[in-house]
């Protein structure tokens, strides 16, 4: 029943996370991902059928959760200030390597 | 104090109380500008050794101090924290000041806005001295994961201050700030406060705005204060708590006078001691110190009863699944495009992302992102993340049932005192208990205070954690005051 994590799984996850793993890092990561499966196995000891997931603890405060602000256009951050922090910019946009190959 | 600590260098110094400082500044006996200058001198002397501060915000601090002195001179009413030197964990943004989150990936980044908690301290007249070192993206429990070097515990600089808010705890312990802000996701305020012998507050989830807190796990993150005594910690919480329209998860519940609530005697309160927490892995000296604290609480008129939280052991796997999943989503924004570190010469956009993240993130952060990504990936989301959120509800309901029986729950904050740098407590049972003590409260959204509760033979601080139900910080402060008053 215990599915063992493969090297391909590790590489796939790294790709999804936009992280590159060095060859020597992969075995350790594989071991750690396997540990996740142990955690899950533990949780599966509990019968949670019919239990609503608790994603937000604030739900329990009977607080005014879900109160939304009016959908109004308001000034946001100053563009110049934001672009001052950008690694590469033409002051209007963020510059990145070409995405589309011709 | 025992001879072992005296032999080693100790940087411990207790800050003055807020009440004392307020009297000095209001009367003009002390100028806020001189006070700030004296703190910068202390920082210059101690920081090379302790590595508490990552950056200083002298200009802003002195401007604020001069404003306060001008008010005091005219005899105008002073805001609540007028002239008080405070410092901020580097995961909270201060406009124009470096904010690294303890990571290389944000080296050089200067946020264009203040976190709400920071803005509130500013409005209260506090003098913001600088930014405090922490584990990278708040991931860690010793501050050894900071990309800028570890923080050393002022009690014994060969030991860790705890983490991830190690700098925030150490700053108060060494009087390099009178009070500080930190963040707690799975224990990151409580455990370092305990290791450094200061007071730390875990506010109810939603009590303090998370706007401007660089996110780790959004359903768990809390902003909270450190101080040298319980009443001042309560005052600090009062200053930063409250609804914030910029944080959709912030609570609209009114903010009571926490300091006044902390003054109330504890006679008649019912306290629960969870049997599952007093297990193998708990250091004997820590156990003894906590038991002394419980004796003191009984002497103060509390009834102490055992309680059982049978789902406790499921908190650890639940926490690891939830926290890493949310972290993987929150840290996706660090991609080298809009701010922070960008890797040189990448051949494609995809390579730019992975090179920047690979070079900018530390090992522990990468590890947690990968774990979280796995837990959320197609085919696994229901079985892993969703299952964890279901167990989370069971854990939270268990606490709610307990708080129907008792007013507060008392536990050790950490099963062991501060360990040595590089040692990383080797005992897996102790490490497991360490997680259990803190993550259960994180998952349930409840509040707590850690208060110094004696020391070990070697002089290392021990903290007692007082947990209370949602929005019951007043009760937690009351009990913590009683422990503090016992002078253990």
Quick check: is even one residue across the stretch A:80-102 within 7 Å of another protein chain (Cβ to nearest Cβ), modelled with pLDDT under 85 and either under 18 Å from residue B:335 (Cβ atoms) or under 24 Å from the mean Cα position of the chain (by Cα) (or both)? yes
Set B:186, B:162, B:206: member being on the phi > 0 side of the Ramachandran plot, within 14 Å of chain A (Cβ to nearest Cβ) and touching a residue at least 12 places away in the same chain (Cβ under 8 Å): B:206
In this structure, does residue B:225 turn out to be within 24 Å of residue B:330 (Cβ to Cβ) and assigned to a helix (DSSP H, G or I)? no
Output yes when any residue across the stretch A:10-19 is at pLDDT below 90 and in contact with a helix residue (DSSP H, G or I) (Cβ under 8 Å, 6 or more places away or on another chain), and no when none is. no
Which residues, taken from the stretch B:305-343, are touching a residue at least 60 places away in the same chain (Cβ under 8 Å) and more than 11 Å from chain A (Cβ to nearest Cβ)? B:305, B:307, B:309, B:312, B:323, B:330
Only one of (1) touching a helix residue (DSSP H, G or I) at 6+ places or on another chain (Cβ under 9 Å); (2) surrounded by 15 or more Cβ atoms within 10 Å (Cβ to Cβ); (3) more than 8 Å from chain A (Cβ to nearest Cβ) does not apply to residue B:286, and that is (1)
Taking residue B:309 and the conditions (1) surrounded by fewer than 18 Cβ atoms within 10 Å (Cβ to Cβ); (2) touching a helix residue (DSSP H, G or I) at 6+ places or on another chain (Cβ under 6 Å), which numbered condition does it fall short on, given that it satisfies the others? (1)
Can you tell me which residue is nearest to the chain's Cα centre (by Cα) among those in the stretch B:216-236 that are farther than 18 Å from residue B:87 by Cα and within 14 Å of chain A (Cβ to nearest Cβ)? B:221
Report yes if residue B:205 is at pLDDT 95 or above, more than 22 Å from residue B:43 (Cα to Cα), surrounded by fewer than 24 Cβ atoms within 10 Å (Cβ to Cβ) and over 8 Å from the mean Cα position of the chain (by Cα), otherwise no. no
Counting only residues in the stretch B:157-187 that are surrounded by fewer than 24 Cβ atoms within 10 Å (Cβ to Cβ) and touching a strand residue (DSSP E or B) at 6+ places or on another chain (Cβ under 9 Å), the one nearest to residue B:430 (Cα to Cα) is identified as B:159
Give the stretch B:46-66 a look and list any residue that's surrounded by fewer than 16 Cβ atoms within 10 Å (Cβ to Cβ) and more than 24 Å from the chain's Cα centre (by Cα), or say none. B:59, B:63, B:66
Matching entry among B:321, B:331 (being within 19 Å of residue B:185 (Cα to Cα), surrounded by 15 or more Cβ atoms within 10 Å (Cβ to Cβ), touching a helix residue (DSSP H, G or I) at 6+ places or on another chain (Cβ under 7 Å) and at pLDDT below 95): B:321
For the stretch B:471-488, pairs from a residue that is farther than 17 Å from residue B:299 by Cα to a residue that is part of a helix (DSSP H, G or I) and at pLDDT below 95, with Cβ under 7 Å and 6 or more apart or across chains, are B:471/A:61
Checking the conditions here, which among B:117, B:124 is over 24 Å from residue B:367 (Cα atoms), modelled with pLDDT of 95 or more, over 13 Å from the mean Cα position of the chain (by Cα) and surrounded by fewer than 24 Cβ atoms within 10 Å (Cβ to Cβ)? B:124
I'm checking my understanding of the structure. Among residues of the stretch A:1-35 that are farther than 21 Å from residue B:320 by Cβ and surrounded by 13 or more Cβ atoms within 10 Å (Cβ to Cβ), which one is farthest from the other protein chains (Cβ to nearest Cβ)? A:11
Identify all residues within the stretch B:436-459 that are crowded, with 24+ Cβ neighbours inside 10 Å and more than 26 Å from residue B:218 (Cβ to Cβ); write none if there are none. B:451, B:452, B:453
Residue set B:255, B:266; condition free of Cβ contacts under 8 Å to residues at least 60 places away in the same chain and either in the same structural domain as residue B:207 (by TED's automatic domain parsing) or not in a strand (DSSP E or B) (or both); output residue B:255
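The values are calculated or read from the model by the stated rules, or taken from the named source; none is laboratory data. Remember, it's a predicted structure, so these values are computed and weren't measured experimentally. Here Cβ is always computed from backbone atoms with ideal geometry, including for glycine, and neighbour counts include all displayed protein chains.
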